[in-house]
Structures are given as C-alpha cells and as structure tokens.
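Enquirer: Here it is: the structure, laid out below.
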Amino acid sequence: MLRIHFTGVDLARVRMAPGPDALWETILSFHRLRDRRGALVFGEWRTETRTRLNGETRLLSAVVPGRGYFPDFLTPAEGPHTIESGLEAVRETGQDRLHDELSRVAGPRGLPRWLRALAEGGSEPLDRLMCVLRSYHRAAISPYWAHIQARVDADRAARGRALLDGGADELLASLPPMMRWRAPVLEADYPVDRDVYLEGRGLLLQPSFFCRRTPVALQDPLLPPVLVYPVTHTHTPYERHSAGTAPGPSLGRLVGHTRSAVLQSIGHGCTTSELARRAGVSLASASQHAGVLREAGLLVTLRHGSAVLHTLTPLGTALLRGGQPVMAERSAPATM
C-alpha cells in the first residue's frame, strides 16, 4: 500500500495537471503493450501499434523492465510535458543521477553495453535513447493523442467539480476507488508498502490514459511529489489524429439549431440536467442529443456520483471553433 501524508499546507497545494503528459503516457503505454490484460480497452491499440514499431521494444525493454522500478528521469517531475519538452528535460539529467537510477534496473546480467555507456555519461547513447523514445511515441501515442486528451480532460472535469463542491477534501475523496482519502492520509493500492511525506510541497495529480489498476509515484522522495492515476475508460472507438484532417461526413448529421445549442452548452463540463437547462430542452431530449454527440466522437460522458458529466473532446471543441484545432499537447501545470 502507498500512503501519502498531507499537512494543511499540502492540502492547499494540491494541483491538477492541465492535460496528459507525453512521457508518462509513453512509458506507461510501453507496460500496456507487453501485457495481455485490459484487452477491451487496449487490445485494438496494441494490435495497431505493433505494426508501426521497428525494434523500439527491444531497446526500451532494457531501460523499462516489465515489472517493478523504472528510472524516474524518464518521466521528469516538472511536467506535464510535450514529447519535445519532456525529452529535453531527460537530456538535462545529471550524470550521477543517470548512474544511480540505471544501476537500479540492472538485471542479473547487468546492463546492456549501450546503457552502461549511458550510465557513464556518454552523449551518443543518450542520443540513442532520445531517438528510441521519440520513435516509440510517434508509433504508440501520437496517432491517439486526441483520444488520450479527451479522456484526461473528462477526468479533470470530474475532479474540478469535486473541488468546487467541497474543496481539496472532496477532490481527494473523488479519486478512483483504488485510492482512499482518510484525512490526513491518501491511501492507494500499490505493489509495495511505502510512505510518502509531502512536508509542505503539495502534490501534483496527473490523470493518465495508460496507467492501469494502481497509481504510480516517483521513487526518489526528494523529487517534487507527483501521483499518476488511471482515468475511467469508456469503451468507445479510438480517435486517431493527423494534422489537417477535416471533420468526416458523419458530422453532417449534427447540423441543426438544437444540437448545435446542446454542443455549445457543454462548455467546460456539465451534467445532463444542467445541459437541458442551458440548452432549453427537456431532460430526455438533452440525453438523446448527448448520445448522438458522443457516438460522433464530440463528447465524453463519465459518471460523477449519482450524475453523469459530459465534456467536449478536442474534435468537439474544434467544431465549435469553426474547424480550428485545439493545441495538441500542453506543457504548463495549472493550479485548481
């Protein structure tokens, strides 16, 4: 079990990440690629991603074992990051830290030659690692970024509503069921027994699409505290993203005053009853229109307590903006 100990100052410094972190999704997705669990959520993604890989799995397996510890420097704490800002932060890792963290992942046979050279501060193996991470991200993460972002944004909307309703206590109590808020300690299912004392540093909560079953925390207690936790998955088709892609023919069904009003009324997230009130339609009509919008990939619906919460996907936001795309990846944390 993981136990995170809060002070009053820490409660005031709980923050939600503003979106998915490219490197956390990259590393955690590599774990999902190698296991067979969660086929309903990840099966299609695994099949498609494997066809685009070209040797990255063998190289990454040496630095990201299938189980247990992987180096903290691969997921810099100063995020959330885009892939480029994240890789730049990885590149700036000090030699002593590289050596210490890579030594922890060495198996019975030690590290491969190129990782030993990296642990000793070699620039060429560091360039190789950057290339492998970028290539894997391009194959496994980039085509699905809009889908990942939509799920993380939906989770953020639910956490934000909990914060507004009851402050930091309600926010921490609203986290997925593998985490339990028993003030002043947040308990979480975890593969080892561990205590983390925040000591006034606060906590960054990072929702993740590829995190599964248990949250993840950085191993080094001196690094800024981050807790990565799984979003709630809905079994909808993946939204694949490519620059310059125009809305598909199915969006033609959405033309009409009422449905446009419903889409615009969602804003930063609302329940079905709030949606009906904002759009000036009946509860049944709001629910029906939300279902059509959801099937078209324009919104995500998550259960929040006894209600359901609707949030726009990047495609839905782009439609409201007249086809102008939203930022693909964001890089600055937000305080809630």
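The values are calculated or read from the model by the stated rules, or taken from the named source; none is laboratory data. Keep in mind it's a predicted model, so treat the numbers as computed, not measured. Cβ atoms come from the backbone with ideal geometry, glycine included; neighbour counts cover every protein chain shown. These accessible areas exclude ligands, DNA and RNA; they are computed on the full protein's heavy atoms, side chains included. Shrake-Rupley method; radii C 1.70, N 1.55, O 1.52, S 1.80 Å.
Enquirer: Could you work out [θ]222 nm for the chain from helices alone, using -39500 (n - 2.57) per DSSP H run of at least four and dividing by all its residues? Round to the nearest 500 deg cm²/dmol. Don't skip to the answer; put the middle values down first.
Expert: Values: 13 runs with 149 residues, N = 336.
After summing the helix terms and dividing by the residues of the chain, the value is -13500 deg cm²/dmol.
Enquirer: Quick check: convex hull of the Cα atoms in segment 134-230, volume per residue, rounded to a whole Å³?
Expert: 120
Enquirer: Return the label of the correct value of semi-axes √(5λ) of the Cα gyration tensor in Å, as calculated from the structure shown, out of [x] 36, 25, 16; [y] 31, 24, 16; [z] 43, 29, 16.
Expert: Correct label is [x].
Enquirer: Given a 1.4 Å probe and every protein chain left where it sits, what share in percent of the accessible area of the chain is carbon and sulfur? Present the calculation step by step, with values, prior to reporting the outcome.
Expert: On the way: 8310 of 15850 Å².
Result for the chain: 52 percent of the exposed heavy-atom area is carbon or sulfur.
Enquirer: With every protein chain in place, what's the accessible area of Glu78 (1.4 Å probe, Å², nearest 10)?
Expert: Roughly 120 Å² of Glu78 is accessible to a 1.4 Å probe.
Enquirer: Give me the distance between the Cα centres of segment 109-156 and segment 1-32, rounded to whole Å.
Expert: Between the Cα centre of segment 109-156 and that of segment 1-32, the gap is 19 Å.
Enquirer: Next question, about the same structure. Can you give me the accessible area per residue for the chain, using a 1.4 Å probe, in Å²?
Expert: Accessible surface, normalised per residue, equals 47 Å².
Enquirer: Between Ser29, His99, Gly66, whose Cα lies farthest towards the positive end of the dipole of segment 22-133 when Lys and Arg beta carbons carry +1 and Asp and Glu beta carbons carry -1, centred on the Cα centre?
Expert: Among Ser29, His99, Gly66, the one farthest towards the positive end of the dipole of segment 22-133 is Gly66.
Enquirer: Below 13 angstrom from the Cβ of Arg3, what's the summed charge of the other residues (Lys, Arg +1; Asp, Glu -1)?
Expert: Values: positive: Arg180, Arg182, Arg194; negative: Glu187, Asp189, Asp193, Asp195.
Neighbour charge sum, excluding Arg3 itself: -1.
Enquirer: Near Glu187, within a Cβ-to-Cβ distance under 10 Å, what is the net charge of the other residues, with Lys and Arg +1 and Asp and Glu -1?
Expert: Values: positive: Arg3, Arg180, Arg182; negative: Asp189.
Every neighbour counted, the sum reads +2.
Enquirer: Here is a follow-up. What are the DSSP H helices in the chain that stretch 27 Å or more along their long axis, judged by alpha-carbon atoms, and whose average Kyte-Doolittle hydropathy comes to at least -1.0?
Expert: On the way: long enough: 145-173 (31 Å, -0.21).
Helices meeting the span and hydropathy rule in the chain are 145-173.
Enquirer: Given a 10 angstrom Cα cut-off, can you work out which residue in His147, His233, His257 is the most mobile in a GNM of the chain?
Expert: Residue with maximal mean-square fluctuation among His147, His233, His257: His257.
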